[in-house]
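Read through the structure below, which is laid out as structure tokens, and then see the notes.
The values are calculated or read from the model by the stated rules, or taken from the named source; none is laboratory data. Please read these numbers as outputs of a predicted model, since none were measured by experiment. Counting neighbours? That spans all protein chains shown, and the Cβs are built from the backbone with ideal geometry, glycine included. Accessible surface is based on the protein model in full, side chains and every heavy atom, while ligands, DNA and RNA are left aside. Shrake-Rupley method; radii C 1.70, N 1.55, O 1.52, S 1.80 Å.
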Amino acid sequence: MLEKTLVLKVEPDAPNREVIRLAARIIRKGGLVAFPTETVYGLGADALNPKAVSALFKAKKRPRDNPPIVHVGCISDVYNLAREVPSKAEKLMEIFWPGPLTLIFKRSSNVPDVTVAGLDTIAVRMPKHNVALALIMESGCPIAAPSANLAGKPSPTTAEHVLEDLYGRIDAVLDAGPTHVGVESTVLDLTVTPPQILRPGGTPYEALREVLGEVELHPAALAEKELTISKARSPGLKHRHYAPKAEMVVVEGELSAVTEKIKELAEDYRRKGFKVGVLATRETFASYSADVVKSLGSRSNLAEIARNLFKALREFDSEGVGIIVAEGIPAEGLGLAVMNRLRKASSYRIVKASS
Ligand code: TXA
Ligand code: MG
């Protein structure tokens with residue numbers, strides 16, 4: 001194991017060339033470099049080097065059956081990784097790349113087995129971040145990058161979060177400050193008809209439907225309850241995810257009923273001796289009086305809520321909260337990704353409030 005992790009500061013828009021060269025050298029030698037994307041920080045390794053990808057699983061303590069996303073610097077790189085690129089995919093790449101949309105293709109035999117966890121498919125995306133794109137270009141290879149957290153933890157939206165989980169386990173992190181979107185990319189499976197969203201994320205369902213006409217949501221994307229996933233189409237669906245150390249309950253329903261229910265639950269848990277955290281929004285923040293109350297932002301600005309989500313979950317942990325009671329938000333636009341993460345983080349402890 002490595003003793004030290006290099007912290008390399010870079011400007012998010014105009015990254016220093018020498019710093020990128022240093023990071024790219026590490027990638028080319030088979031090392032591990034965490035880097036920012038527009039969604040969350042990723043932990044990068046040369047996607048075509050099986051040893052490097054193997055080390056990546058180990059550093060994250062990630063189950064071997066859950067493959068990472070492969071990041072490319074231009075659309076033409078997809079043709080080396082996928083053996084079939086449907087015309088729907090070409091249209092989507094044209095419109096949404098670079099950006100928070102991951103596409104599942106049938107894999108090409110150029111890709112090592114370990115990179116796709118032995119599946120016949122591969123997940124690919126082009127990130128919308130100058131540091132990520134510069135790193136991929138300078139490395140000269142596609143970069144396999146799962147989120148740069150220990151398996152099961154909330155994804156990192158700052159370099160500090162990466163170091164909290166992975167200091168001493170990876171070679172370097174490129175620190176370009178907080179990420180913009182805050183939730184991971186949308187994962188869309190194009191090997192089935194109609195295309196299916198396996199993980200809602202930074203590209204809203206509504207935007208994909210507008211382009212594709214027909215697009216389905218995998219039942220686990222809604223994640224209203226835990227599903228038994230037998231044959232892993234998206235292996236990530238069956239593993240515990242985004243979870244803070246604290247226990248968590250999500251309260252959903254009409255807003256006034258939700259706030260009343262949260263007050264009641266917070267009081268109950270407090271009486272049982274828990275340190276209670278409430279995950280609120282700007283509009284409701286003042287109505288709660290738990291040990292720790294945090295606002296994710298305004299209910300009228302879902303982008304702000306998404307951006308602040310993972311940071312808030314990590315903060316509750318560092319403040320020693322035992323139980324988090326979280327306010328649900330409407331599952332529309334980016335709200336679907338937020339609700340998917342909250343429901344999973346709570347292990348599907350969902351309370352429906354009604355007045
Ligand atoms: O925004 C993001 O997507 C971030 C940044 C770093 O790009 N990456 C990320 O990677 O969230 P990760 O590895 O934490 O999540 C990848 C997801 C997992 O749910 C995994 O199961 C799924 O993509 N996936 C990967 N390969 C797949 C495949 N061949 N078929 C279906 N799902 C796949
Ligand atoms: Mg992840």
**Prompt:** What are the residues in the range 142-200 that are more than 14 Å from the chain's Cα centre (by Cα) and on the phi > 0 side of the Ramachandran plot, if any?
**Reply:** G168, G177
**Request:** Look at the range 302-318 and say how many of its residues are modelled with pLDDT under 95 and touching a strand residue (DSSP E or B) at 6+ places or on another chain (Cβ under 8 Å).
**Result:** 0
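How many residues are assigned to a loop (DSSP other than H, G, I, E, B) and not polar (S, T, N, Q) if we restrict to the range 1-10?
5
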**Message:** Among the residues of the range 207-224, are any at pLDDT 95 or above, open to solvent by less than 10 Å² (accessible area, probe 1.4 Å) and under 14 Å from G333 (Cα atoms)?
**Reply:** yes
**Message:** Quick test for you: out of V162, V215, V183, V187, pick the one residue that is free of Cβ contacts under 8 Å to residues at least 60 places away in the same chain and among the aliphatic types (A, V, I, L, M).
**Reply:** V215
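A quick yes/no check of all residues on (1) of a type in the set (A, V, I, L, M, F, W, C); (2) assigned to a loop (DSSP other than H, G, I, E, B); (3) open to solvent by less than 20 Å² (accessible area, probe 1.4 Å):
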{"site": "V131", "(1), (2), (3)": "yes, no, yes"}
{"site": "C141", "(1), (2), (3)": "yes, yes, yes"}
{"site": "T157", "(1), (2), (3)": "no, yes, yes"}
{"site": "G168", "(1), (2), (3)": "no, yes, yes"}
{"site": "L174", "(1), (2), (3)": "yes, no, yes"}
{"site": "H180", "(1), (2), (3)": "no, yes, no"}
**Request:** Could you give me the residue pairs with C-beta distances under 7 Å whose first residue belongs to the range 143-155 and is near ligand 1 (Cβ under 6 Å from one of its atoms), whose second residue is open to solvent by 10 Å² or more (accessible area, probe 1.4 Å) and of a type in the set (K, R) wherever it lies, and which are 6+ apart or on separate chains?
**Result:** P146/R62
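Taking the stated definitions as given, is P127 within 8 Å of ligand 1 (Cβ to nearest atom), at pLDDT 95 or above and in a loop (DSSP other than H, G, I, E, B)?
yes
Yes/no matrix, rows are residues, columns are (1) touching a residue at least 40 places away in the same chain (Cβ under 8 Å); (2) within 16 Å of ligand 2 (Cβ to nearest atom):
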{"position": "A243", "(1), (2)": "yes, yes"}
{"position": "E247", "(1), (2)": "yes, no"}
{"position": "V251", "(1), (2)": "yes, no"}
{"position": "E260", "(1), (2)": "yes, no"}
{"position": "D268", "(1), (2)": "no, no"}
{"position": "K275", "(1), (2)": "yes, no"}
{"position": "R282", "(1), (2)": "no, no"}
**Fill in**
By my count, strands (runs of 3 or more DSSP E) wholly in the range 278-355 with at least 2 residues that are hydrophobic (A, V, I, L, M, F, W, C) and open to solvent by less than 30 Å² (accessible area, probe 1.4 Å) are 323-327
**Prompt:** Which of the residues spanning the range 142-197 are of a type in the set (D, E), farther than 21 Å from A246 by Cα and either at pLDDT below 95 or more than 16 Å from ligand 2 (Cβ to nearest atom) (or both)?
**Reply:** D171, D175, D189
**Fill in**
Residues of the range 203-221 being assigned to a loop (DSSP other than H, G, I, E, B) and over 23 Å from A345 (Cβ atoms), in sequence order, are G213, E214, V215
**Request:** Please work out which residue is farthest from S185 (Cα to Cα), limiting yourself to the range 300-355 and to residues that are among the charged types (D, E, K, R) and without any contact (Cβ under 8 Å) to a residue 40 or more places away in the chain.
**Result:** E315
**Request:** With the condition kept exactly as written, say whether any residue in the range 255-263 is hydrophobic (A, V, I, L, M, F, W, C) and surrounded by fewer than 18 Cβ atoms within 10 Å (Cβ to Cβ).
**Result:** yes
**Request:** Mind listing whichever residues of the range 107-124 are within 10 Å of ligand 1 (Cβ to nearest atom) and free of Cβ contacts under 8 Å to residues at least 40 places away in the same chain?
**Result:** R107, D120
**Prompt:** Taking the range 185-202, which residues are open to solvent by 10 Å² or more (accessible area, probe 1.4 Å) and either part of a loop (DSSP other than H, G, I, E, B) or near ligand 1 (Cβ under 9 Å from one of its atoms) (or both)?
**Reply:** V187, L190, T191, V192, T193, P194, R199, G202
